[in-house]
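*Asks:* Could you have a look at this structure, given as structure tokens, before my questions?
Please treat every number below as a calculation from the coordinates, not as lab data. These numbers were taken from a predicted model, which means no experiment stands behind them. FYI the Cβ positions are ideal-geometry reconstructions off the backbone, even for glycines, and counts take in every protein chain you see.
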Amino acid sequence: MSNGSDSELRPSLRERPPSPASRARGPEPFAARLHVIPRTIKPVQAAIVRLFRRYFEHAPGWVLLTTTGRRTGLPREVLLPCERSRDLLVVISTYGWQSDWMKNIRRDARVRITSAGWVLDARAEVMEDLEVKRSIITKHLFFPVAPFMVLNFLHRTVLRPAWLPFMRWWVKSRPLVVIRPQA
């Protein structure tokens, strides 16, 4: 018999149905469970970025993305593989919504990008609709594993017939972010 307390009337967090947004996104990718790895090696990545900063600032296939920390309000920089075009930049979160930069973008879409020798203020837009993500990746195919010029060239030409279906599948459970410079 219930004593009528409020705690008995409220459903527990486990019993709540998933939100419409999380249902639309689908399950997190397996890599999201491994997000402890990049957090652990963050100091190593930061050292590599400091050492090769001039290279990454100009290299095709890379962007230094600066977001605003959601807790501290301080600038947070991360090195990401990307695809650039004249009017936009595309990045994909390997670790899904677990990536700190994704959480920061969710809080504040204003970002700064350092890419191709440019430093620009921009706005990030997270694409969640699967058909939109597939359309973008079809038009802006890249090799996020190691976006070096030769590998990107191979994946856009000779390997495109095999690579494109994989990338269209890969974006299914990952957020795709389109970044546009602000006017």
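*Asks:* Leu176's amide H: which non-local residues (gap 5+, or another chain) put their own amide H closer than 5 Å, with H modeled 1.01 Å from N in plane and none for Pro or chain starts?
*Replies:* Met127
*Asks:* Here's a follow-up. By count of other Cβ within 10 Å, fewest leading, how are Trp169, Trp101 ordered?
*Replies:* Final ranking by Cβ density, sparse to dense: Trp169, Trp101.
*Asks:* Where the centre of each part is set by its Cα atoms, how far does the stretch 163-183 sit from the stretch 87-151, in angstrom?
*Replies:* Going from one Cα centre to the other spans 7 Å.
*Asks:* Next question, about the same structure. Once you wrap a convex hull around the alpha carbon atoms of the stretch 36-89, what is its projected area averaged over all directions, in nm²?
*Replies:* With every direction weighted equally, the projected area is 4.7 nm².
*Asks:* At a Förster radius of 41 Å, what calculated FRET efficiency corresponds to the Cβ-Cβ distance of Gln182 and Arg160, to the nearest 0.05?
*Replies:* 0.80
*Asks:* Name the shape class, rounded, prolate or oblate, that the alpha-carbon gyration tensor gives for the stretch 107-161, where a ≥ b ≥ c are the square roots of its eigenvalues, rounded holds for a/c under 1.5, and otherwise prolate holds if a/b is larger than b/c and oblate otherwise.
*Replies:* Working: a/c = 3.17, a/b = 1.33, b/c = 2.38.
It is oblate, given that a/c is not under 1.5 and a/b is not larger than b/c.
*Asks:* OK, next. Semi-axes of the equivalent ellipsoid for the stretch 56-183, please: Cα gyration tensor eigenvalues, times 5, square-rooted, ordered largest first, whole Å.
*Replies:* 24, 17, 12
*Asks:* Tabulate in residue order the Karplus-calculated ³J(HN,Hα) for the stretch 133-142, using 6.51 cos²θ - 1.76 cosθ + 1.60 with θ = phi - 60°, rounded to whole Hz; enter x for Gly and Pro.
*Replies:* 4, 5, 5, 5, 5, 5, 6, 10, 5, 8
*Asks:* Explain nothing, just compute: Karplus ³J(HN,Hα) = 6.51 cos²θ - 1.76 cosθ + 1.60, θ = phi - 60°, for every residue of the stretch 103-111 in order, whole Hz, x for Gly and Pro.
*Replies:* Computed from phi, the couplings for the stretch 103-111 are 5, 5, 5, 4, 7, 8, 6, 6, 9 Hz.
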